[in-house]
1. Through the Karplus equation 6.51 cos²θ - 1.76 cosθ + 1.60, θ set to phi - 60°, convert the phi angles of the stretch 135-148 into ³J(HN,Hα) values in whole Hz; use x for Gly and Pro.
2. Can you return the lysines within cross-link range of residue 57? Criterion is Cα-Cα under 23 Å, with same-chain partners fewer than 8 residues away left out.
3. I'd like to compare 80-93, 110-123: which one has the highest average count of other Cβ atoms within 10 Å, and what's the full order after that?
4. Report the local net charge at residue 135: Lys and Arg +1, Asp and Glu -1, summed over other residues whose C-beta lies under 15 Å from its C-beta.
5. What shape does the chain take by its C-alpha gyration tensor, where a ≥ b ≥ c are the square roots of the eigenvalues and a/c under 1.5 counts as rounded, a/b above b/c as prolate, and the rest as oblate?
6. Can you tell me the FRET efficiency between residue 86 and residue 7 if r is taken as the Cβ-Cβ distance and R0 is 35 Å, rounded to the nearest 0.05?
7. When the helices in the chain are scored as -39500 (n - 2.57) per DSSP H run of 4 or longer and the sum is shared across all residues, what 222 nm value do you end up with, to the nearest 500 deg cm²/dmol?
8. Of 89, 74, 33, which is farthest towards the positive pole of the stretch 1-97's charge dipole, taken about the Cα centre with +1 and -1 on the beta-carbons of Lys, Arg and Asp, Glu respectively?
Amino acid sequence: MNTLHPIVSLPDQGPVLSAYGVNSYFKAKTEQTNGLWSMIEYHLPPSPISPPPHYHKKMQEVFYVLEGALQFTLDGQTIDAPKGTLVVVPPMAVHTFKNALDAEAKFLIWFSPGGFEQYFLDMEELVQNEPSWPPSDMGKVFALMARHDTYAPER
């Protein structure tokens, strides 16, 4: 018996997490997909800030640029990604991204398997509970990352 229900998430709707000028709309959560996948819509303002290079052992990410442009670094290669670009990041690929323009970038990130939306919530909680950021004990950050299949590349 199918326990899944249709998902309809209108533009700029859905639970939202706002931090550092970034809005992340939770478009489909893992519990809505039986854990198969999840999706967020990311609104990234112009900023030199980007996630540190990282990889996932099991998770695959798919990025689709809706507005603006991103610049990816994927396994050491720089990729300019204007509106309409699809970027598939397989497990074990070291990657990061940043907003490449002076305007907000909007893009979808699809995660398979689902559940990575919890990483954003857990990181927000860690940031709020630390007296300063980054924390003096980076072990907390690395432990949180590992719980969500996210790892810093070997140096």
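1. In residue order, the calculated couplings are x, 5, 9, 5, x, 5, 5, 5, 5, 4, 4, 4, 4, 10 Hz.
2. 29, 98, 140
3. On the way: 80-93: 14.0, 110-123: 18.1.
Output ranking for 80-93, 110-123: 110-123, 80-93.
4. Numbers: positive: 140; negative: 122, 124, 125, 130, 137.
Its environment carries a net charge of -4.
5. Details: a/c = 1.30, a/b = 1.10, b/c = 1.18.
Judged from the Cα gyration tensor, the chain comes out rounded (a/c under 1.5).
6. On the way: r = 20 Å, r/R0 = 0.58.
With R0 = 35 Å, the Cβ-Cβ based efficiency is 0.95.
7. On the way: 2 runs with 22 residues, N = 155.
The helix contribution divided over the chain gives -4500 deg cm²/dmol.
8. 33
The values are calculated or read from the model by the stated rules, or taken from the named source; none is laboratory data. Predicted model, so just to flag it, every value in this text is computed and none were measured. Don't worry about glycine lacking a Cβ; one is built from the backbone with ideal geometry, like all the others, and counts go over all protein chains shown. Heads up: the accessible areas ignore ligands, DNA and RNA and are worked out on the full protein's heavy atoms, side chains in. Shrake-Rupley method; radii C 1.70, N 1.55, O 1.52, S 1.80 Å.
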